[in-house]
Amino acid sequence: MADTTPSDDEGLSAPHVLEYAYKRSLGPVLGRFFTGLRDGKIEGIRTRAGRVLVPPSEYDPESGESTDEDFVEVGPSGTVKTWAWVREPRKTHPLDHPFAFALIELDGADTALMHVVDTGSEAAMSTGMRVSPRWAAEPVGCIQDIAAFIPEDSA
Amino acid sequence: MAEHAAVIGIGQTDFDAKRLDVSQVGLIREAAERALADAELDWKDIDAVVVGKAPDMFEGVMMPELFLAEALGGVGKPMLRVHTAGSVGGSTAIVAANLVQSGVHERVLTVAYEKQSESNAMWALSIKMPFTPTMVAGAGGFFAPLIRGYMERSGAPEDTGIRVALKDRLNALKNPVAHIKLPDVTFEMIQNSPMLWDPVRYLETCPSSDGACALVIGSEKHARAASNPPAWIHATNMKTEPTMFAGRDQVMPRAGLECSAELYKKAGISDPRKEIDCAEIYVPFSWFEPMWMENLHFAPQNQGWKMTYEGATALDGDLPVNMSGGVLSTNAIGASGMVRFAEAAMQVRGQAGEHQIEGAKKALGHAYGGGSQYFSMWIVADQPLQ
Amino acid sequence: MRDVAIVSYAQTPYVRSERDRNEVEMLMPIIDEVVKKSGIPRHDIGFTCSGSTDYLAGQSFSFVMAVDAVGAWPPIKESHVEMDGAWALYEAWIKIQCGEVDSALIFSFGRSSMGETAETMTLQTDPYTMAPLGPDAISMAALQARSGLDAGLYSERDMAEVAARNRRNALTNPEAQLAGEFDVEALLEAPYRVSPLRDHDCPPITDGAAAMVIATADVARNPSNKPVWIRGIDHRLDSHQLGSRDLTRSPSTELAGQKAGVGAGKIDIAELHAPFTHQEIILKNALGLDEDVRINPSGGALAANPMMSAGLARIGEASRQIAGGAAKRAVAHATSGPCLQQNLVCVLEG
Amino acid sequence: MSEEREPVTRIITPVRVEYTYTPGIASERFLRGVREGKLLGAACDSCGRVYIPSRGACPRCASPTSEFRELSDKGTVITFCVVRVPAANIDVPLPYCTANILLDGADISFTGLIQGCPFEDVRIGMRVQAVWRPESEWGFGIGNIEHFTPIDEPDVPFAKLKEYS
């Protein structure tokens, strides 16, 4: 039972893969957020202190206090606060060609959402640029329902 | 030298096979908010947070406390994440207690959890590694041979395990948050349940649960000021030995024997069976009750089964064990140790509702993990240690 | 508080791949070394605490086998944090403060070479809104780096100078992995890896382990060692959501630094756990370090980044500087989580 | 139209992490031995107890186990259980019997399958021997032993085994 084939004579090694499709229940706040994405809208949540959090959470990260279910529709456009240009995408990345990870402050939100921006070239990226979502063809209720953000004027 | 510390708030989630109504965030907040409410404290009153859980592969998040910390009011605070296998819930409570006993903090929130429904426990507990064909079928496959070893050396009657399971399952009916509740459970039902890992039957085995447990541990000042009664921590102890080594007694591990002996000494207990009013101990398979009765020095070697047989461990016995229904009824792995510690504290606070042992003044909480190699324990009481 | 000192420290040579040795084989010699150097009989050490993570090993309960390297027989008082070894040190320090024990062994380990570390770190992010997008450790650090560049806090040249200095410092550290003289101009001509980060801005992938013994004054003072006192130790945490933080600052480091008493006296050297060049600058600002403080004489995490030990190694390396007479007072720092989310600060004195 | 759809309550997030695993010096020595049909134990440098397989250390002494020696493929059942429940990582048909087996010359038991007799006949103290797969199927793993089977030798009394149980 050759459960393993050594890769070479220098030393034994073998591929090892950890793989599982986790099933994550969402609860009221993330459930509403992902339902909104599926239906083409982005909703944040207002904390008792008045800040609008996107993505929404069940708590205020600054105080730990619960958030009430005070949902606020934001965006869908927003401003890039910072970005990182990925020249060589990894297989774990959502796009297979060069793109940017970015923190995007959606209009009406007080925090920035981490997502990807698809501009085709690094030269087209800049801090402060305006972006809009490009929705997935068949949204199912997950963060990838926004396939990517793209420059606002090309949306 | 250590400062006094006490449990001043306890919160448990409702436990179930699948808590599909909450995220991981919602799950831990349910326990933490209940503990804060019990302690009559707010998030801002907490100095530090200690999180415990078993392997990260259960939920598929590496060090999940990092994304959960802010849900526990952790921003700007110290946060620690403990992982000592199955004993982790107990160890986590001890680390939290130490933060207060050291004099470093006044009020510490500690939470232990597992959301096992996100994956599969049998997979996550024994990941198949290259070069090593898996022979051991999950925890049951590991512990069943040890149980057979105990049966052989003690000569315990074969129905001992069934009797333990019946007692714990009846106790669970009195616990509002317990996961497995079988209102019409009988000796025959357990006896006739399928053999999974012979000699362990299905109803002698713990379930996989989703759930969390939280404690607020306070300094003497805060314990005295609390409006609900505190559970004073008299002693804590942790002890480890390696999983496998030549000459290891896996049935009656020395780490457990020494851990409990040192614990009693610290707590000033000379006759544990007499001086401890009740014990909530980690029994994932029914036969571990008699085994741990011996390991915890409640019974002489090879005679722990007699306590079960004579009813000593029943709710009306002289040393009630697993009043909550135990791990056999509820097992969110990372939380399980802390639930034991919490139940001991609930008993001495007089808060245990239908499963309250009347007049309980001193209680033992116990957890173990790995291959019966990690032990964590505490003694709590209704008065501070003199 | 009881006075507690680092009495011995050892680490494996830091390498790209421990091709042959498993975790136990890596740990056994260094644990043996720190126990011997401490002058405390092995069975007299009161407590043991380790730090590691299952996802580096690809195995649940991977820390359990590491106990084999300790000599846990007769049984020992022992605990484990799923964190860098620096936090194992903190738990051990607390145990001593409780008066329960007078000495402790701390160790940590990891073989990053078995996996793809930057991708594994994706699993550390919020599993609902972040991890499904696959943000790797380098991309997240790049988001932070650009925040500081845009804010004018540092330049790409400043970042390259950090890389060059750390790797030059590493020339005198025989256990460092990546050492050498690098020309800043040449570094700046290299292409971006994930812009604005170039290869030199990122840490190497490192396998390694570290071990330390700490003890109270009466136990620490023995003929075989030179105690280095832990004068302050504290750790704090920031929000996990990168978009709700000001990434140009490290408020948790600022707070931990204040609590640990960094400002109470002159700092000679600092060992900062900054896997990325810009993070060293952010940390230096957060700790309020003067220009004359020598930063990372060991070469820091840019010269060797053994996951789960790199933080403990900063404290160990700082203690070596003091024990060797090169400094009187030092600050050491450890980090965990994306973009410096969690930070520990430790002040050491000779 | 979207109003008619059920709210989203759960997401599936696939996680895949790839590793290249290396077993370590002592384990590799053992695996290379078993590839040749040899069961190599390793003795502790300090106490002399023999481990199989050794991961490189005697956990009770924290000493290396440097001296390798070939052990017999005969041994004694220390304890056992009959598994009647499926496990995610095991592909042996149910039910099956696994035992902790102490090989002659070893000081620690390891887990093996017991076949060749009814489950009711398996007992603590029973003598067994390895049944190897055909040599052409041997690889780098203890899986080269398909199972252990009873042999006609007197049982070892429990008193002699208690230290290993």
Per residue of B:256-262, other chain Cβ atoms within 10 Å number on average 1
Taking placed amide H atoms and a strict 5 Å upper bound, the residues 5 or more places from residue A:113 or on another chain that come that close are A:104, A:105, A:106
Between the residues D:139, D:50, D:124, the Cα farthest towards the positive end of the dipole of chain D, that dipole coming from +1 and -1 charges on the beta-carbon of Lys, Arg, Asp and Glu, is from D:50
With x for Gly and Pro, the residue-by-residue ³J(HN,Hα) of segment C:45-50, computed from phi through the Karplus equation 6.51 cos²θ - 1.76 cosθ + 1.60 at θ = phi - 60° and given in whole Hz, is 5, x, 8, 10, 9, 10
Of every Cα-Cα pair in chain C, the percentage lying beyond 37 Å is 12
With a 1.4 Å probe and ligands and nucleic acids left out, the total accessible area lost when D pairs with A, in Å² to the nearest 100, equals 2600
For segment B:106-212, shape from the Cα gyration tensor axes a ≥ b ≥ c, cut at a/c of 1.5 then a/b versus b/c, turns out oblate
For segment C:248-259, Karplus-derived ³J(HN,Hα) couplings (6.51, -1.76, 1.60; θ = phi - 60°; whole Hz; x for glycine and proline) come out as 7, 10, 10, x, 5, 5, 4, 5, 4, x, 5, 5
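Which shape class, rounded, prolate or oblate, goes with segment B:1-127 when its Cα gyration tensor gives a ≥ b ≥ c as root eigenvalues, a/c under 1.5 marks rounded, and past that a/b bigger than b/c marks prolate? Please list the in-between numbers first.
Values: a/c = 1.97, a/b = 1.53, b/c = 1.29.
Taking the square roots of the gyration eigenvalues as a ≥ b ≥ c, segment B:1-127 is prolate.
In square angstrom and rounded to 100, what buried accessible area do you get between chains C and A, total over both, with the probe at 1.4 Å? Don't skip to the end; give the middle numbers.
Numbers: alone 14250 and 9950 Å², together 21240 Å².
Interface between C and A: roughly 3000 Å².
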In chain B, helical segments from DSSP H whose Cα atoms cover 24 Å or more along their own axis and that average at least 0.5 on the Kyte-Doolittle scale are B:333-349
Chain A, Gaussian network, Cα under 10 Å: of A:123, A:84, A:21, the residue fluctuating most is A:21
Once phi for every residue in segment D:54-64 is put through the Karplus expression 6.51 cos²θ - 1.76 cosθ + 1.60 (θ = phi - 60°), the whole-Hz ³J(HN,Hα) values, with Gly and Pro written as x, are 9, 9, x, 9, 8, x, 7, 10, 6, 10, x
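Magnitude of the Cβ-charge dipole of segment C:1-132, K/R +1 and D/E -1, about the Cα centre, nearest 20 debye? The partial results should precede the final answer.
Numbers: 10 positive and 19 negative charges, 67 e Å.
In debye, rounded to 20, segment C:1-132 gives about 320.
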Classified through the alpha carbon gyration tensor (a ≥ b ≥ c as square roots of its eigenvalues; rounded if a/c is under 1.5, else prolate when a/b is larger than b/c, else oblate), the protein assembly as shown comes out rounded
Of C:272, C:89, C:149, the most mobile residue in a GNM of chain C (C-alpha springs, cutoff 10 Å) is C:149
Within segment D:1-39, the residues whose backbone N lies under 16 Å from a label point placed 7 Å from the Cα of residue A:21 along the Cα-to-Cβ direction are D:10-17
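Please give the calculated 222 nm ellipticity per residue for chain B, where each DSSP H segment of at least 4 residues contributes -39500 (n - 2.57) and the sum is spread over every residue; nearest 500 deg cm²/dmol? Walk me through the numbers on the way to the answer.
Details: 14 runs with 132 residues, N = 386.
Calculated from helices alone, the mean residue ellipticity at 222 nm is -10000 deg cm²/dmol.
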Helix D:25-35: inclination vs chain D longest Cα principal axis, degrees, rounded to 10, gives 80
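Using a 1.4 Å probe on the protein heavy atoms, what percent of the accessible area of segment D:73-165 belongs to carbon and sulfur? List each step's numbers first, then the result.
Numbers: 1990 of 3930 Å².
Accessible surface attributable to carbon and sulfur in segment D:73-165 totals 51 percent.
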Counting as exposed only GluC sites (Glu not before Pro) in DSSP loop states with no more than 10 other Cβ atoms inside 10 Å, the longest exposed-site-free span of chain B is B:159-357
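Only Lys, Arg, Asp and Glu count, each charged at its Cβ (+1, +1, -1, -1), so figure out the dipole size of segment A:27-154 about its Cα centre, rounded to 20 debye. Write down the numbers at each step before the final one.
Details: 12 positive and 21 negative charges, 72 e Å.
That gives a dipole near 340 debye.
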Accessible-area loss of at least 30 Å² in the complex relative to the chain alone (1.4 Å probe) applies, within segment B:149-189, to B:152, B:153
Under 5 Å from the placed amide H of residue D:39, counting only residues 5+ away or on other chains, we find D:71
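From the Cα trace of segment D:73-165, what convex hull volume per residue do you get, rounded to a whole Å³? Could you put the intermediate results ahead of the total?
On the way: hull volume 10.8 nm³, N = 93.
So the per-residue Cα hull volume is 116 Å³.
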Projecting the Cα atoms of B:177, B:32, B:121 onto the charge dipole of chain B, where Lys and Arg contribute +1 and Asp and Glu -1 at Cβ, the residue farthest towards the positive end is B:121
Between the Cα axis of helix C:137-150 and the main Cα principal axis of chain C, the angle (0 to 90°, nearest 10) is 60
The longest stretch of chain C containing none of the GluC sites (Glu not before Pro) that sit in a DSSP loop with at most 15 other Cβ atoms within 10 Å is C:1-180
The extension gain from residue A:68 to residue A:127, computed as 0.36 nm times the residue separation minus the Cα-Cα distance, is 18.0 nm
Amide H neighbours of residue C:231 at under 5 Å, excluding residues fewer than 5 places away on the same chain, with H built from the backbone geometry, are C:347, C:348, C:349
In chain C the accessible area split gives carbon plus sulfur, as whole percent at 1.4 Å, a share of 50
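When ligands, DNA and RNA are left out and all protein chains stay put, how many square angstrom of accessible area per residue does the protein assembly as shown have with a 1.4 Å probe?
32
The values are calculated or read from the model by the stated rules, or taken from the named source; none is laboratory data. All figures in this text were calculated on a predicted structure; none of them were measured in a lab. So basically every Cβ, Gly included, is an ideal-geometry build from the backbone, and we count neighbours across all protein chains shown. Keep in mind that these areas ignore ligands, DNA and RNA; they rest on the heavy atoms of the full protein, side chains included. Shrake-Rupley method; radii C 1.70, N 1.55, O 1.52, S 1.80 Å.
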